[in-house]
Amino acid sequence: MKITVLGSCAAWPEPGRACAGFLVEHGGFRLVMDLGFGTLPRLLALCPNGSVDAVVVTHRHSDHCVDLNGLLRVRHYGERAHDPIPLLCPPGVAELVDALEPEPRLAELFDVLPLPGTHKVGPFEVRGIELPHHVPNVGIRLTTAHRTVAYTGDTGPSEDLVELGRSADLYIMDATLQHQPDGPRTVLSAAEAGQWATRAGARRLLLTHFWPGNDRGVSLRQAAEHYDGELMAADEGLVVDLGRR
Ligand SMILES: [Zn+2]
């Protein structure tokens, strides 16, 4: 299984970067998780004509889903006709993309499947767990016979982060902040990402969703104070190879 970072920024993309997006490839099947600002050109470089097999979107914030409209256009107006592919997402995502452009409807090109919930998609079991955010956000747990990848989307602290990333080969966690404000929150700090990854027993931690301008080296050091496993910072084009199985 191979994971390629399409984008690593929170909120809006730094110059030359993109917002949330990951391509997950296993056994020839290509699944994309989130399609924030600027991810589509990077996806098309890897999957010409938008030839992916499934899309999973964590929530309806534009930094996680706005380039779904671009993928819709590629698959509608592009070089070859496509059969509909699964689009797994919580309420609000399809409505947002349809509001951007009413024709063609998203449902004409995608089979929309609801999250939270569990679905079999190609070689993956895709499980979505609701996590706290400004709008409904679903953490994603992708499982094959031998590998597990978990991804928080965009979340505040929650005990469910232990279950989401339990013993995962790779835990992709938003590390938006470099401080921890008091009171209820809907995003995580880098230190908290380290703490939750440790509690989950995740083998590798990939920090992502950095607030624009944040020094990522600082985020890595903050997470490393709480996590002893393999620790990485997402970077556009970074490939994490979890091996053949
Ligand atoms: Zn968000």
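The values are calculated or read from the model by the stated rules, or taken from the named source; none is laboratory data. Not measured: the values here are computed from a predicted model. So basically every Cβ, Gly included, is an ideal-geometry build from the backbone, and we count neighbours across all protein chains shown. When the accessible area is computed, the model is the full protein with side chains, heavy atoms only, and any ligands, DNA or RNA have been set aside. Shrake-Rupley method; radii C 1.70, N 1.55, O 1.52, S 1.80 Å.
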Requested in this report: Check segment 40-51 and report whether any residue there is closer than 15 Å to Asp235 by Cα, within 16 Å of the ligand (Cβ to nearest atom) and in a helix (DSSP H, G or I).
Outcome: no
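Taking the residues in segment 142-200 that are of a type in the set (A, V, I, L, M, F, W, C) and under 14 Å from the mean Cα position of the chain (by Cα) as candidates, determine which candidate is farthest from Gly128 (Cα to Cα).
Restricting attention to segment 142-200, the residues satisfying the condition of being of a type in the set (A, V, I, L, M, F, W, C) are 142, 145, 149-150, 161-162, 164, 168, 170, 172-173, 175, 177, 187-188, 190-191, 193, 196-197, 200.
Those left that are additionally under 14 Å from the mean Cα position of the chain (by Cα): 142, 149-150, 164, 170, 172-173, 175.
Working: Leu142: 9, Val149: 12, Ala150: 10, Leu164: 9, Leu170: 16, Ile172: 14, Met173: 15, Ala175: 20 Å.
Once the filter is applied, the top-ranked residue is Ala175.
Listed here are the residues, each with its yes/no results for (1) in contact (Cβ under 8 Å) with a residue 60 or more places away in the chain; (2) open to solvent by 10 Å² or more (accessible area, probe 1.4 Å); (3) closer than 23 Å to Gly243 by Cβ.
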site: Val5; (1), (2), (3): yes, no, yes
site: Leu23; (1), (2), (3): no, no, yes
site: Arg30; (1), (2), (3): no, yes, yes
site: Val52; (1), (2), (3): no, no, yes
Query - Residues (hydrophobic (A, V, I, L, M, F, W, C) and within 16 Å of the ligand (Cβ to nearest atom)) located in segment 165-206 - result: Ile172, Met173, Ala175, Leu177, Val187, Leu188, Ala193
Query raised in the report: Would you pick out the residues in segment 1-36 that are over 18 Å from Ala175 (Cα atoms) and of a type in the set (Asp, Glu)?
Result: Glu25
Query raised in the report: Which residue pairs have Cβ atoms closer than 7 Å, lie 6 or more positions apart in sequence or on different chains, and pair a first residue in segment 34-49 that is among the charged types (D, E, K, R) with a second residue that is open to solvent by 10 Å² or more (accessible area, probe 1.4 Å)?
Result: Arg42/Glu236
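Would you point out which residue out of Gly201, Gly183, Gly156 is out of contact with any strand residue (DSSP E or B) (no Cβ under 8 Å at 6 or more places or on another chain) and more than 21 Å from Val126 (Cα to Cα)? So that I can check it myself, show each step before the final result.
Values: Gly201 fails: more than 21 Å from Val126 (Cα to Cα); Gly156 fails: out of contact with any strand residue (DSSP E or B) (no Cβ under 8 Å at 6 or more places or on another chain).
Within the list Gly201, Gly183, Gly156, the selection yields Gly183.
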Requested in this report: Please give the number of the condition Arg60 fails out of (1) touching a residue at least 24 places away in the same chain (Cβ under 8 Å); (2) more than 16 Å from the ligand (Cβ to nearest atom); (3) open to solvent by 10 Å² or more (accessible area, probe 1.4 Å).
Outcome: (2)
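Quick check on this structure: which one of Gly243, Gly139 is under 24 Å from Arg42 (Cα atoms), open to solvent by less than 50 Å² (accessible area, probe 1.4 Å) and modelled with pLDDT under 95? Give the derivation first.
Details: Gly139 fails: modelled with pLDDT under 95.
Going through Gly243, Gly139 in turn, the sole match is Gly243.
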